[in-house]
Amino acid sequence: VQLQASGGGLVQPGGSLRLSCAASGSIFGITVMGWYRQAPGKQRELVATITANGRTNYADSVKGRFTISRDNSRKTVSLQMSSLEPDDTAVYYCNAKEGLTQYWGQGTLVTVSS
């Protein structure tokens, strides 16, 4: 399984950004897909996940601001981020789970700054 993330960049506080992740390869066993992030000097943390049937889970810090979605036919998972704050600055990683195996994308940098 290969995950290709895109959509990061520089945005001002209060702005919006959309991240996308395309999965390829042997993806038929993939169950949960999601996004994690890692800020400088901090551990990687969960942002949001979505199951194959659409059940979502969000970190408290992004609830109400971020929306995760998944298109099983196009093998993509997206993260719509709104009301961005400087604390959202991080490298965002796409993630996919297949049983006990996890796959990671290459990461895309999101910088929230004026």
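Assuming a viscosity of 1.306 mPa s and a temperature of 10 °C, what translational diffusion coefficient in µm² per second does Stokes-Einstein assign to segment 18-75, Rh being the Kirkwood radius over Cα pairs?
Values: Rh = 12.6 Å.
Value of D from the Cα-based Kirkwood radius: 126 µm²/s.
Which residues' amide hydrogens lie under 5 Å from the amide hydrogen of Val32, considering only partners 5 or more residues apart or on another chain, with H built in the peptide plane?
Result for Val32 returns Lys97.
Using 0.36 nm times the number of residues separating Ala39 and Glu98, minus their current alpha carbon distance, what extension gain do you get?
18.7 nm
Suppose all protein chains stay in the model; what accessible area per residue would a 1.4 Å probe give for segment 61-107, in Å²? It would help to have the intermediate numbers written out before the result.
Values: 2390 Å² over 47 residues.
For segment 61-107, the per-residue accessible area is 51 Å².
Assuming 0.36 nm per residue, please report the length gained on full extension of the stretch Gln80 to Ser26 beyond their Cα-Cα distance.
16.8 nm
Show me, for segment 52-69, the HN-Hα J-couplings you get by feeding each phi into the Karplus relation (A = 6.51, B = -1.76, C = 1.60, θ = phi - 60°), rounded to Hz, glycine and proline as x.
4, 9, x, 6, 10, 9, 10, 5, 4, 5, 10, 4, x, 10, 10, 9, 9, 9
As I understand it, the dipole of the chain uses +1 on the Cβ of Lys and Arg and -1 on the Cβ of Asp and Glu, about the Cα centre. Which of Val77, Cys94, Gly105 lies farthest toward its positive end?
Most positive-ward Cα: Val77.
Which three semi-axes in whole Å describe the equivalent ellipsoid of the chain, each the square root of 5 times a Cα gyration tensor eigenvalue, listed largest first?
Rounded to whole Å, the semi-axes are 23, 14, 13.
Can you tell me the equivalent ellipsoid semi-axes for segment 56-114? Use √(5λ) from the Cα gyration tensor, largest first, whole Å.
Working through the eigenvalues yields semi-axes of 22, 14, 11 Å.
About its Cα centre, how strong a charge dipole does the chain have in debye, to the nearest 20, once Lys and Arg get +1 and Asp and Glu get -1 at the Cβ?
With Lys and Arg at +1 and Asp and Glu at -1, about 220 debye.
The values are calculated or read from the model by the stated rules, or taken from the named source; none is laboratory data. This one's a predicted model, so the numbers in the text were calculated from it and none came from an experiment. Positions of Cβ are backbone-derived with ideal geometry, glycine not excepted, and every protein chain shown enters the neighbour counts. Side chains are part of the model used for accessible areas, which takes the heavy atoms of the whole protein and leaves out ligands, DNA and RNA. Shrake-Rupley method; radii C 1.70, N 1.55, O 1.52, S 1.80 Å.
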